Ligand code: NDP
Ligand code: GDR
């Protein structure tokens with residue numbers, strides 16, 4: 001049987017990199033769309049990139065952008081993919097309030113452009129399509145836990161754009177008989193998570209503070225509740241969804257929920273720090289109560305290392321999300337294998353290694369700049 005060919009938009013992102021590894025392990029030829037950038041932006045996939053001039057490469061990158069329809073059509077024509085995974089997006093909810101039109105262009109119309117390119121090229125019976133839908137669609141939740149039938153109520157320009165993408169995917173399935181489906185994924189994280197999402201901001205920030213590279217972590221709403229899973233578990237499910245007889249939409253979640261504040265406590269505990277929270281709202285702080293071990297040499301008991309900063313509050317917040325993954329479990333046999341505690345430990349270990357490297361460089365007189373702008 002000939003090799004399957006997959007095309008991934010958003011290959012340079014968290015999920016794109018894990019999915020590429022997963023598909024290559026399954027014997028796929030993997031193509032990805034990357035954006036032109038003034039700096040290298042392939043850090044997450046560099047380790048799987050092979051020199052095209054050597055060996056038998058199975059991994060290919062194409063310059064492209066979800067805002068550019070002719071470019072997308074050309075890539076799909078060239079690649080003739082069996083499976084398209086649309087993971088590319090302006091994926092930051094807070095940023096979508098700053099750039100709503102761009103977010104709509106990429107996240108909503110970008111999805112339409114890919115679907116239309118497949119149809120225009122006459123590939124609608126060959127190419128299967130996965131859309132990266134999101135728990136943000138539930139926004140102001142109408143039912144808990146959220147499942148495939150729960151009504152949507154998006155609360156940000158990002159979520160509204162993703163609502164369009166969700167329905168246009170359903171529409172192409174119904175109108176043209178395409179194998180097109182939505183994975184409604186709840187938050188998933190990893191050491192490759194972008195530095196400005198809250199979990200990574202916390203693990204990276206606390207590791208830097210423990211090593212004396214930063215003084216304090218500034219956060220927004222610490223009461224927000226999320227159902228956090230590991231990206232590796234979730235990309236496996238993205239693939240499973242495209243291997244069924246008929247295309248269907250699935251909720252992917254762990255079925256457990258913790259608050260941002262709990263995630264801070266978990267992360268601090270991994271660093272041997274006991275944190276207590278005092279005050280309320282914008283006056284809430286996290287104070288070091290005890291330190292065990294030698295992972296946080298730069299800290300003293302009594303240090304204030306977490307503060308609320310109102311500029312991180314969102315114009316409209318999603319306070320709570322909790323998914324019900326029963327359909328995925330029953331129909332596809334999928335269960336998440338990595339707990340939030342294990343994931344947090346992995347993220348802290350990764351960020352502590354980096355912080356230690358930076359601290360060592362600093363000790364030896366090198367200039368170390370830590371980017372903290374979010
Ligand atoms: P990331 O932000 O890590 O990655 C987004 C990817 O999209 C990057 O490769 C980025 O490129 C690319 N991209 C951004 N804009 C464009 C554009 N105009 N044209 C082409 N590519 C573009 O996201 P994740 O990996 O975390 O998420 C993957 C998808 O899943 C996204 O669509 C996200 O909205 C969705 N999702 C994510 C969840 C999560 O918890 N992680 C949960 C539910 C849905 P570059 O590297 O150049 O910036
Ligand atoms: P989210 O993830 O908005 O759920 O979207 P994020 O990690 O950005 O926020 C989660 C919750 O934490 C609160 N929060 C903060 N968030 C950030 N980024 N920075 C802060 O300083 C901060 N302080 C508190 C937020 O208000 C929010 O309630 C992610 C993205 O990956 C989307 O693309 C995806 O669709 C959804 O998850 C599911």
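Just so it is clear, none of the values below were taken in a lab; they were calculated from the coordinates. Just so it is clear, the model here is predicted, and its values are computed rather than measured. Cβ sites come from the backbone with ideal geometry, for glycine too, and all protein chains shown count toward neighbours.
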Most exposed first, judged by fewest Cβ atoms within 10 angstrom, 204, 331 run 331, 204
Cβ density ranking, 10 Å radius, fewest first, applied to 178, 241, 289 yields 289, 178, 241
To the nearest 10 degrees, the tilt of helix 340-363 (Cα long axis) against the first principal axis of the alpha carbons of the chain is 60
The convex hull of the Cα atoms of region 224-364, divided by residue count, gives a volume in Å³ per residue of 151
Classified through the alpha carbon gyration tensor (a ≥ b ≥ c as square roots of its eigenvalues; rounded if a/c is under 1.5, else prolate when a/b is larger than b/c, else oblate), the chain comes out prolate
Per the C-alpha gyration tensor (a ≥ b ≥ c, the square roots of its eigenvalues), region 315-374 is rounded if a/c is under 1.5, else prolate if a/b beats b/c, else oblate; here it's oblate
In this structure, the FRET efficiency calculated for residue 77 and residue 24 from their beta-carbon separation, with R0 = 25 Å, to the nearest 0.05, is 0.60
Residue separation between residue 63 and residue 282 times 0.36 nm, minus their alpha-carbon distance, gives in nm 74.5 nm
By Cβ neighbour count within 10 Å, fewest first, 263, 97, 40, 186 rank 40, 97, 263, 186
CD proxy, 222 nm, the chain: helix-only mean residue ellipticity via -39,500 (n - 2.57) per DSSP H run with n ≥ 4, per residue, nearest 500, stands at -10500 deg cm²/dmol
With Cα coordinates, the longest principal axis of the chain makes an angle with the long axis of helix 231-241, in degrees rounded to 10, of 20
Restricted to the chain, the DSSP antiparallel beta bridge percent, nearest 5, is 25
One finds the C-alpha centres of region 163-202 and region 10-55 to be spaced, in Å, by 19
One finds, for residue 119 and residue 39 with R0 = 35 angstrom and r their Cβ-Cβ distance, a FRET efficiency to the nearest 0.05 of 0.50
Under the 7 Å Cα-to-Cβ spin-label approximation, residue 144 and residue 105 lie apart by a distance in nanometres of 3.9
From the Cα centre of region 245-274 to that of region 334-374, the distance in Å is 18
